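Some notes on the structure that comes next.
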Amino acid sequence: MFPEVRVERRSITTALNICPDFKLTKMGSFVKNDFTKWADARLLNQPRMEKGLTLHNYQYWLYWTYEILADNNKHDPVLEYAKDLTEITGDLFKVPWLLSFPEKGFAVSEEIQTSSGLIFRNTQVEGNSYEREFIPNRFGKPVLIERAYDSSCNLTDIYLLYRDEEGRIILRYDDPEKWSYQYDQLCSVFLVGGPEHEVEDWARRDAPLPKSVLDGGFAKSIYTGEIVKGR
């Protein structure tokens, strides 16, 4: 079997994992979502999504998932912690930005940029692998997500780089297995830039995101005010 065929079949399988039947009205707790009727109608007429999950229709899947998970007009699900998202969704469907490239059916040897500006990077550092996605959030603003995996391909860390409502650029650490409010306050959210910086500036750094950002200049803990260099 040709590699392209394997990738295509995997992308269709992943799409079915994210949404088994393309109809929100059959998805348990999400029946009450205000977005349901509109999304159902759109999905049934969205052939680019019906073919499966691909690099080129990925942003449609992202926007669709954001709206499923959104609590209100201002809520941005991509900033929710991985543990909370998996508890909400359970086995009902998978959250696209928490899936690895192989799980999504994406063949990313080093870097791919789509025509819509999405960037995907895949690097290896000292036995660990790092997958980076430069994607839009629910409101079309750029967010950089990096997933770290150990030598056994287990997801160990997630980093998010984004601009908050005050225009500051924030780096946030996320443990996919556990999270506590106390840990968040102590050492997981950093101010790393302001209006003069762009999130995309870090999208193509070769080093892992925390090292690129924390070793590359000013970083201050949002909660404690402590200046941090390196991790």
For Asp215 and Asn154, calculate 0.36 nm times their separation in residues minus their Cα-Cα distance, and state this gained length in nm to one decimal. 19.4 nm
Please work out the FRET efficiency for the pair Thr114 and Ile227, using the Cβ-Cβ distance as r and a Förster radius of 25 Å; give the result to the nearest 0.05. 0.10
FRET efficiency for Asn128 and Arg168 from the Cβ-Cβ distance with R0 = 25 Å, rounded to 0.05, comes out at 0.30
Ratio of alpha-carbon Rg to the 2.2 N^0.38 Å globular estimate for the stretch 99-189, to two decimals, please. 1.16
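Counting only protein heavy atoms and using a 1.4 Å probe, what share of the accessible area of the stretch 98-231 belongs to carbon plus sulfur, as a whole percent? Intermediate results must be reported in sequence, preceding the final value.
On the way: 3190 of 6590 Å².
Of all accessible area on the stretch 98-231, carbon and sulfur atoms account for 48 percent.
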Would you work out the Kirkwood radius for the stretch 78-231? I mean one over the mean of 1/r across all pairs of different Cα atoms, in Å. 16.0
Can you compute the modelled spin-label distance between Trp179 and Glu198, with each label point 7 Å from Cα toward Cβ, in nm? 2.9
Measure up Lys104/Lys211; Lys94/Lys141; Lys74/Lys211; Lys104/Lys141; Lys74/Lys178 against 24 Å on the Cα-Cα distance and list the ones that go over. Lys104/Lys211; Lys74/Lys211; Lys74/Lys178
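The values are calculated or read from the model by the stated rules, or taken from the named source; none is laboratory data. From a predicted model like this one, the values you see are computed outputs, not experimental measurements. Virtual Cβ from ideal backbone geometry, glycine too; neighbours counted across all protein chains shown. Just so you know, the surface numbers come from the protein's heavy atoms only, side chains and all, with ligands and any DNA or RNA stripped out. Shrake-Rupley method; radii C 1.70, N 1.55, O 1.52, S 1.80 Å.
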